[in-house]
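Student: Pasting in a structure now, in structure tokens, and then I'll have a few things to ask.
Please treat every number below as a calculation from the coordinates, not as lab data. For clarity, every value in this text was computed on a predicted model and none was experimentally measured. Here the Cβ is made from the backbone with ideal geometry for all residues, glycine too, and neighbour counts use every protein chain on show.
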Amino acid sequence: MSIYTTKYLTILRNYALPETNQTFDELINSTYDKFFNFDFPWYAPNDAGKEDFEKLFLLHYLMYEIGQETIELHRSMLASRLREIMPYYSDVYESLNIDMPWYGNIDVEYTEENTGNKQGTTDLNVDASINGSSSDESSTNTNQQTQSIDSDNPQINFSGTDYASQMNRGESTRTNSVNSSGTTSNTEERTEKTNTNEDTASKSNRTEKGYRGITRGQIVKEMRESIYNINQEIINRCEDLFMLVW
């Protein structure tokens, strides 16, 4: 029962009529939009988490008496307070979101550059000698046979039984031999010299991203706790709008 003004519990129950038998959570879930019927800026993009804050706010002050004579006066002062302090918490949330390592707490890029110079001299000496010999030998044999018959009787045919008075036979042999030989010699001397002067350069980039010393689950937990702390701080900054008597 309120002593000085009225409690949030009484205000919400009036909004919930004709429902009268609701738990605190059911009561808040069914009436929070009727209480916050005014607009105020929110620190997170797209009003993310704004409804959760409104429900938490009503639950926190459910048994508190408002510090003004009427609910409309109280609500107008609450709207003014939220609009005054919310830009600050927008900056807090933005910095928190930037500093929170959602994709890892390590994001380092390494660049390595190497330069050098390579010099050298190459000498090539060639001393070659080629020696050879050749020979050619040919031989030609010629055999010649001769035969002559002399007869005192002319016109005698010797195919029959006639006889010759004289017969001469002869044979001659002739051989021609040709031999040739030769020797070749070829000598080569060559000297080559090559100088090398080469500049070298290389560059490599390496990026390291990820988690070191912390897990993603721990980061999510830390972010949720930080958001809860922002909401709790906003709630506490509205405490002077209530009677603060029990």
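Student: Determine the distance separating the Cα centre of region 23-55 from the Cα centre of region 1-21; give it in Å without decimals.
Tutor: 18
Student: What is the log10 of I(q)/I(0) for region 15-98, computed with the Debye formula using one identical point scatterer on each Cα and no solvent, at q = 0.13, 0.22 Å⁻¹?
Tutor: Result of the Debye calculation: -0.50, -1.18.
Student: If you keep only loop residues by DSSP, which GluC sites (Glu not before Pro) in region 42-80 have at most 13 other Cβ atoms within 10 Å of their Cβ? Write out the running numbers ahead of the final one.
Tutor: Details: sites: E51, E54, E65, E69, E72; in loops: E69.
Those satisfying the criteria are E69.
Student: Right, next: Residue-wise, which Karplus ³J(HN,Hα) couplings in Hz belong to region 196-204, taking 6.51 cos²θ - 1.76 cosθ + 1.60, θ = phi - 60°, and x for glycine or proline?
Tutor: 10, 9, 10, 8, 10, 8, 9, 9, 9
Student: For T10 and T121 in the same chain, what is the full-extension length gain: residue separation times 0.36 nm, less their Cα-Cα distance, in nm? Let's see the in-between values first.
Tutor: On the way: separation 111, 0.36 × 111 = 39.96 nm, distance 10.01 nm.
That works out to 30.0 nm of additional length.
Student: Now a separate question. Just to check I understand the Karplus step: with θ = phi - 60° and J = 6.51 cos²θ - 1.76 cosθ + 1.60, what whole-Hz values come out for region 36-53, glycine and proline as x?
Tutor: Residue by residue, region 36-53 yields 8, 8, 10, 9, 8, x, 10, 6, 9, x, 6, 6, 5, x, 5, 5, 4, 4 Hz.
Student: Same structure, new question: May I ask you to evaluate 6.51 cos²θ - 1.76 cosθ + 1.60, the Karplus curve with θ = phi - 60°, for each residue of region 24-35 and list the ³J(HN,Hα) values in order in whole Hz, giving x for glycine and proline?
Tutor: 4, 5, 5, 5, 5, 5, 8, 10, 4, 6, 6, 6
Student: Right, next: What distance in nm lies between label points placed 7 Å from Cα along the C-beta direction at R81 and D199?
Tutor: 7.2
Student: Collect residues whose amide H, placed 1.01 Å from N in the peptide plane, falls under 5 Å from the amide H of F242; neighbours closer than 5 in sequence don't count.
Tutor: The answer is G67.
Student: Right, here's the next one. Using the basic label-point model (7 angstrom from Cα toward the beta carbon), what is the E19 to D47 distance in nanometres?
Tutor: For E19 paired with D47, the spin-label model returns 2.0 nm.
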